[in-house]
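*Asks:* I am attaching a structure below and will ask some questions about it afterwards.
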Amino acid sequence: MIDQKVPLCAPSLLSADFTDVASAVRLVEHSGCPWLHLDIMDGHFVPNLTFGPKMIRDIKKITGLFLDAHLMISNPESSLDSYIDAGSDAVTIHYESLIHVHRILSRIKERGVYAGISFVPSTPVETLHEILPLVDLVLVMSVNPGFGGQVFIPGSLEKIRYLADYRREQKLSYRISVDGGVHRGNAADLLRAGVDILVAGSAFFNAPNPAEEVPYLLAEKII
Ligand code: DX5
Ligand code: ZN
């Protein structure tokens, strides 16, 4: 089980300036957010490319932030270990990216990091029933994965409610994370629905003062 205090905000590096990653990491530390969300895209599972394990390894050297790796890659089994070896604290794979989801989640857990499952907007949440008892984190994709700055898909809210109810009914302990189109205007609804972790790319990095945006994203301050 993830023992960090929740709810929390996890800024996504995707919206930062890739020519100055160290400054982006300092910005997240300064904001008080304990997690850094790292989007790994392979140009195959999603139509965009970002970075691989070396970036995670280099970031690990300069920060104590919890590194939340979101693998948007085909065939994650073949490179899974490299992302864990690089220093990821949580590894989230996509339900749609492989057949033997159960096996890879067990492997992630065996390696001693948090195991996460994500699913794209067109995948029904009920599909996850069999694996929910296995996971530490469920990452609800509230946009089609691949790019930052997209508009939140409203049906995602219902998926979050469903996951929160199911967790309570089944006495499970996974954390619910939401990724895509999160901003100060929908954060309160997401938290009410049961979200524990708000991933925010553009809402954080494009804010005039990212640290000042965080209380709005956590609905501690209202617009
Ligand atoms: C999209 C990524 C997100 C992205 C979110 O595929 O998984 O983590 O950074 O960006 P925003 O918050 O701008 O929608
Ligand atoms: Zn992501």
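*Asks:* Just to check your reading of the model, which residue among Ala24, Ala69 is part of a strand (DSSP E or B) and under 17 Å from Val199 (Cβ atoms)?
*Replies:* Going through Ala24, Ala69 in turn, the sole match is Ala69.
*Asks:* Does Gly116 meet the test of being open to solvent by 50 Å² or more (accessible area, probe 1.4 Å), within 21 Å of Phe204 (Cβ to Cβ) and either at pLDDT 95 or above or not in a helix (DSSP H, G or I) (or both)?
*Replies:* no
*Asks:* Looking at Val143, Val138, Val151, Val125 in this structure, which one is under 20 Å from Gly185 (Cα atoms) and more than 12 Å from ligand 2 (Cβ to nearest atom)?
*Replies:* Every option except Val151 fails the conditions.
*Asks:* Moving to a separate point now. Just a yes or no: is a residue in segment 68-80 in contact with a Gly (Cβ under 6 Å, 6 or more places away or on another chain), under 16 Å from Gly146 (Cβ atoms) and within 13 Å of ligand 1 (Cβ to nearest atom)?
*Replies:* Scanning segment 68-80 turns up no residue that is in contact with a Gly (Cβ under 6 Å, 6 or more places away or on another chain), under 16 Å from Gly146 (Cβ atoms) and within 13 Å of ligand 1 (Cβ to nearest atom).
*Asks:* Here is a further query. Please verify whether Gly146 is touching a residue at least 40 places away in the same chain (Cβ under 8 Å), under 21 Å from Phe45 (Cβ atoms), not polar (S, T, N, Q) and not in a strand (DSSP E or B), treating the condition exactly as stated.
*Replies:* Yes.
*Asks:* While we're here: β-branched (Val, Ile, Thr) and within 14 Å of ligand 1 (Cβ to nearest atom): is that true of Ile104 in this structure?
*Replies:* Judged against the criteria, Ile104 is not a match.
*Asks:* Then there is this: Let me spell it out: the conditions are (1) under 27 Å from Asp17 (Cβ atoms); (2) without any contact (Cβ under 8 Å) to a residue 60 or more places away in the chain; (3) surrounded by fewer than 20 Cβ atoms within 10 Å (Cβ to Cβ), and Leu218 meets all of them except one. Which number is the exception?
*Replies:* Failing condition for Leu218: (2).
*Asks:* If only one of Arg175, Arg184 is farther than 14 Å from Ser12 by Cα and away from ligand 1 (no atom under 15 Å from the Cβ), which one is it?
*Replies:* Numbers: Arg184 fails: away from ligand 1 (no atom under 15 Å from the Cβ).
None of the others qualify; the one that does is Arg175.
*Asks:* Within segment 95-113, restricting attention to residues that are within 16 Å of Met72 (Cα to Cα) and assigned to a helix (DSSP H, G or I), which residue is nearest to the chain's Cα centre (by Cα)?
*Replies:* Filtering segment 95-113 for residues that are within 16 Å of Met72 (Cα to Cα) and assigned to a helix (DSSP H, G or I), the one nearest to the chain's Cα centre (by Cα) comes out as Tyr95.
*Asks:* State whether one or more residues within segment 182-194 are more than 18 Å from the chain's Cα centre (by Cα), without any contact (Cβ under 8 Å) to a residue 60 or more places away in the chain, surrounded by fewer than 15 Cβ atoms within 10 Å (Cβ to Cβ) and within 28 Å of Gly43 (Cα to Cα).
*Replies:* There is no residue in segment 182-194 that is more than 18 Å from the chain's Cα centre (by Cα), without any contact (Cβ under 8 Å) to a residue 60 or more places away in the chain, surrounded by fewer than 15 Cβ atoms within 10 Å (Cβ to Cβ) and within 28 Å of Gly43 (Cα to Cα).
*Asks:* While we're looking at this one, here's another question. So which residues in segment 164-180 are outside any loop (DSSP other than H, G, I, E, B) and either of a type in the set (Gly, Ala, Ser) or surrounded by fewer than 22 Cβ atoms within 10 Å (Cβ to Cβ) (or both), if there are any at all?
*Replies:* Result: Ala164, Asp165, Tyr166, Arg167, Arg168, Glu169, Gln170, Ser177.
*Asks:* What pairs can you find where one residue is in segment 117-141 and touching a residue at least 24 places away in the same chain (Cβ under 8 Å) and more than 21 Å from Glu77 (Cβ to Cβ), the other is β-branched (Val, Ile, Thr) and open to solvent by less than 40 Å² (accessible area, probe 1.4 Å), and their Cβ atoms are less than 7 Å apart, with a gap of 6+ or different chains?
*Replies:* If the second residue must be β-branched (Val, Ile, Thr) and open to solvent by less than 40 Å² (accessible area, probe 1.4 Å), the pairs left are Val140/Ile160; Val140/Ile176; Val140/Val178.
The values are calculated or read from the model by the stated rules, or taken from the named source; none is laboratory data. Note that this is a predicted model, so its numbers are computed, not measured. No Cβ is skipped: glycine too gets one built from the backbone with ideal geometry, and neighbour counts run over all protein chains shown. Just so you know, the surface numbers come from the protein's heavy atoms only, side chains and all, with ligands and any DNA or RNA stripped out. Shrake-Rupley method; radii C 1.70, N 1.55, O 1.52, S 1.80 Å.
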